[in-house]
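Undergrad: Can you read through this structure? Questions will come right after.
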């Protein structure tokens with residue numbers, strides 16, 4: 001009998017411990033994930049009953065999101081005064097479709113569901129009264145955000161992304177994806193937006209994976225400098241570089257002859273970088289340097305989800321053709337605009353990548369500062385000497401070749417990219433920072449199917465740098481460079497989304513629209529291999545460029 005009582009007692013004790021453990025898990029460990037889960041209907045009801053906090057731009061005044069009481073006085077609705085301008089950052093809050101962006105990642109703060117931080121919050125919690133949400137102030141500069149948005153809207157295709165940051169502290173100054181959407185009408189328009197072939201619901205800046213093209217050459221150059229290659233080392237280019245089973249060509253089949261390493265970066269010579277990648281660096285060192293710069297990093301501490309940049313196939317499976325193409329940012333390489341902005345920022349900051357930050361501070365409804373994140377080091381991508389050498393090379397690329405990026409009285413460092421995309425299209429890239437000798441801003445711009453990098457991405461990046469430096473007193477207070485002309489009859493109003501350029505076909509987006517099934521896509525591409533990471537053309541033979549028949553060399557290769 002005593003043995004049976006003991007077993008019963010032990011059973012009850014085990015059950016009690018298990019119950020305490022389950023409660024502790026959901027109340028402590030999983031508390032935040034529950035609060036930030038867009039499928040949590042309790043949160044959806046709460047947003048109607050209690051005002052959520054403000055989301056403010058970096059000036060502390062521009063309201064990006066707020067809650068307004070409905071006519072009846074009993075519930076609140078979420079309002080986005082700037083409409084699509086910040087939608088890629090704020091996301092949306094919908095009782096029907098859940099939430100995205102900062103609305104869900106900062107939900108603990110915005111909803112007031114976190115731990116009480118002030119006496120009023122503590123009293124309200126004990127009394128059961130409503131707890132208004134905290135206000136979240138961002139690092140975004142309203143002027144740069146508008147400039148980037150309008151620049152993307154008036155680009156040749158009206159599709160692309162911009163990320164600008166302060167390389168010294170990691171603050172994000174502008175983050176724009178275009179085309180965007182109006183979060184004020186998400187309940188009425190979600191289904192239509194989800195079917196849109198131009199993917200307005202997808203944040204191209206943080207989730208769009210693209211071949212970075214020749215902007216990746218700065219990573220190859222960093223690996224080469226570490227391997228002992230000097231800027232004065234000379235290489236002979238005859239227009240081609242042969243590897244077993246694959247031949248590299250320069251863009252427009254150009255021959256450059258004798259080039260120093262510095263000139264090869266400035267002129268963006270594919271063949272020389274393919275040679276250096278194969279003969280001086282190698283697959284392991286090239287991939288490791290990319291990882292040092294943030295490849296495969298999901299940036300988990302960032303306020304928005306980031307698609308990790310990656311290689312496919314992985315470096316251990318590369319042959320010489322893979323190494324050659326990876327060295328100038330094609331075939332195996334997929335990256336985000338966010339990642340390439342951080343690459344530029346790390347070079348600008350002497351090789352140190354700062355932790356990217358979007359939230360400047362969190363304040364209670366009565367104005368008390370609850371949280372004020374400080375800058376911190378994310379990683380060390382380069383030693384300071386190598387970063388300085390690479391900065392000089394990127395500055396030479398601007399002064400010798402890409403003169404359209406020059407800003408009078410300011411040293412600018414940059415690198416264009418003309419990346420081959422599915423369908424034979426070219427993505428226009430430019431990464432840059434200024435002043436090169438004391439950087440205040442680093443920028444990455446990508447225009448989908450925008451052709452050569454200097455045509456679309458470069459001018460927009462220059463305008464962003466000019467605007468920021470003028471605001472910081474680095475430039476005279478004069479009129480900024482004019483933006484490219486908009487399509488005839490098109491106007492841009494604050495908070496409005498300009499019409500996309502006419503006669504443009506569906507976006508050649510580098511991965512399947514996550515808001516609809518493949519069977520719903522009009523004119524859909526061949527099915528994606530489920531074992532193939534997003535961002536790569538389906539059924540691509542190893543060692544071959546996208547959309548290139550196997551064994552057939554291309555007539556023109558991206559390079560700029």
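Undergrad: Suppose R0 equals 56 Å; then what is the FRET efficiency for residue 18 and residue 374 from their Cβ-Cβ distance, rounded to the nearest 0.05?
TA: 0.85
Undergrad: OK, next. Label points 7 Å out from Cα along the Cβ direction at residue 317 and residue 95: separation in nm?
TA: For the pair residue 317/residue 95, the computed spacing is 4.9 nm.
Undergrad: Give the order of 429, 318 when sorted by the count of other beta carbons within 10 angstrom, beginning with the fewest. Spell out each step's value before the answer.
TA: Numbers: 429 35, 318 25.
Taking fewest neighbouring Cβ atoms as first place, the list is 318, 429.
Undergrad: For the residue pair residue 471 and residue 59, what label-to-label distance in nm results when each label sits 7 Å from Cα along the Cα-to-beta-carbon direction?
TA: Rounded to a tenth, the inter-label distance reads 0.9 nm.
Undergrad: Also, I was wondering about something else. When you count, for each residue, the other Cβ atoms within 10 Å and take the mean per peptide, how do 453-463, 178-188, 137-147 rank with the highest first?
TA: On the way: 453-463: 26.1, 178-188: 20.2, 137-147: 23.3.
With the highest mean Cβ count within 10 Å placed first, the list reads 453-463, 137-147, 178-188.
Undergrad: While we're looking at this one, here's another question. Give the calculated FRET efficiency between residue 70 and residue 188 to the nearest 0.05, with a Förster radius of 22 Å applied to their Cβ-Cβ distance.
TA: In this case the efficiency is close to 0.85.
Undergrad: Within a 10 angstrom radius of the beta carbon, how do 468, 427 rank from fewest other beta carbons to most?
TA: Numbers: 468 23, 427 29.
By the 10 Å Cβ count, ascending: 468, 427.
Undergrad: Something else now. List 446, 340, 394, 354 from most exposed to least, where exposure is judged by having the fewest other Cβ atoms within 10 Å. Write out the running numbers ahead of the final one.
TA: On the way: 446 34, 340 31, 394 27, 354 21.
The order, fewest Cβ neighbours first, is 354, 394, 340, 446.
Undergrad: Here is a further query. Report, as a whole number in µm² per second, the diffusion coefficient that Stokes-Einstein gives for the range 373-437 at 25 °C and 0.890 mPa s using the Kirkwood radius over alpha carbon pairs.
TA: 178
Only the coordinates and a few stated rules stand behind these numbers; no lab work does. Everything numeric here is computed off the predicted structure, so don't read it as measured data. Cβ coordinates were reconstructed from backbone atoms using ideal geometry, including for glycine residues, and neighbour counts include every protein chain displayed.
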